[in-house]
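Okay, so here's the structure we're looking at.
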Amino acid sequence: MVEQGAVGVLLEQKLALLREFLNLTQQSLLLVNLEGLTPLLERKDGLIREIQLIDETLALHEEAPPDAERFREDLAHVVQAVLENERTLEARINEGYSRLRRELRDFDQETRLKQYLERAKPKGGKVNLKK
């Protein structure tokens, strides 16, 4: 069982980890391109594991500390901000993915047109595009 004072320390640690997570989500939104996202994602995974360990430890404690309500409000606020940032990042990634698919489709069409024109081109002559 976890002591009452230790619960407060764990809640402070959890809040600090969530604030760091929020900071990482804000950094990921500032990236001009997604190449630098991998280290941020790896650190987010580490923070999630640390938060899960704290939650497992807190689950062993039956009583809430006297200031638990303040922690709940702070935690809820930080978690809400993290979720908003993650949704924004997801939308941004999806937009990039859609743009890339359009560019690949356009490139494929251009390539097919060039191949068609090369096959249709008479040997030694010019192609009449007015047909």
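What is the distance, in nm, between label points placed 7 Å from the Cα along the Cα-to-Cβ direction at L41 and at R112?
Result: 3.1 nm between the two label points.
How long are the semi-axes of the equivalent ellipsoid of the chain, defined as square roots of 5 times the Cα gyration tensor eigenvalues? Whole Å, largest first.
58, 13, 10
Viscosity 1.306 mPa s, temperature 10 °C: give me the Stokes-Einstein translational D for the stretch 76-126 in µm²/s, with Rh taken as the Kirkwood radius over C-alpha pairs. Before the final figure, lay out each step's value.
Values: Rh = 14.5 Å.
For these conditions, the coefficient is 110 µm²/s.
Between A91 and E103, what is 0.36 nm times their sequence separation minus the Cα-Cα distance? Round to one decimal in nm. Working shown, then result.
Numbers: separation 12, 0.36 × 12 = 4.32 nm, distance 1.83 nm.
Contour length minus Cα-Cα distance gives 2.5 nm.
Quick note: the coordinates plus some simple rules give every number you see, no bench work behind them. Please read all numbers here as calculations on a predicted model, not as lab measurements. Cβ: placed from backbone, ideal geometry, glycine included. Neighbour counts: every protein chain shown.
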